[in-house]
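Each remark here refers to the structure printed beneath this line.
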Amino acid sequence: MYTTEEAATKWCPMSENRNINNMCCISSNCMAWRWVFEAQSEPMGPVKFKRTEKGYCGLADKGQS
């Protein structure tokens, strides 16, 4: 999982252009980007999910943990 800044240094699996400037991930600007959520709950309360600052490519993999 990566921050949006870290993801921008990774290769995009959907890039068709072999120009190095167009091969990088656009992270949260991509429809395939998946945010990571963490569960937060209180005793006997409802579970709430909070978005973290990390995500991953929904077409590739979750990358590093």
Members of the range 8-25 that are modelled with pLDDT under 80 and either open to solvent by less than 90 Å² (accessible area, probe 1.4 Å) or outside any loop (DSSP other than H, G, I, E, B) (or both):
Ser15, Asn17, Asn19, Ile20, Asn21, Asn22
Answer residue from the range 26-65, given it is free of Cβ contacts under 8 Å to residues at least 12 places away in the same chain and part of a loop (DSSP other than H, G, I, E, B) and is most open to solvent (accessible area, probe 1.4 Å) among those
Met44
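The values are calculated or read from the model by the stated rules, or taken from the named source; none is laboratory data. Computed from a predicted structure; not experimentally measured. Methodologically, a virtual Cβ is constructed for each residue, glycine included, from the backbone with ideal geometry; neighbour enumeration extends over all protein chains shown. Remember, those area values only see protein heavy atoms, side chains included, never the ligands or the DNA or RNA. Shrake-Rupley method; radii C 1.70, N 1.55, O 1.52, S 1.80 Å.
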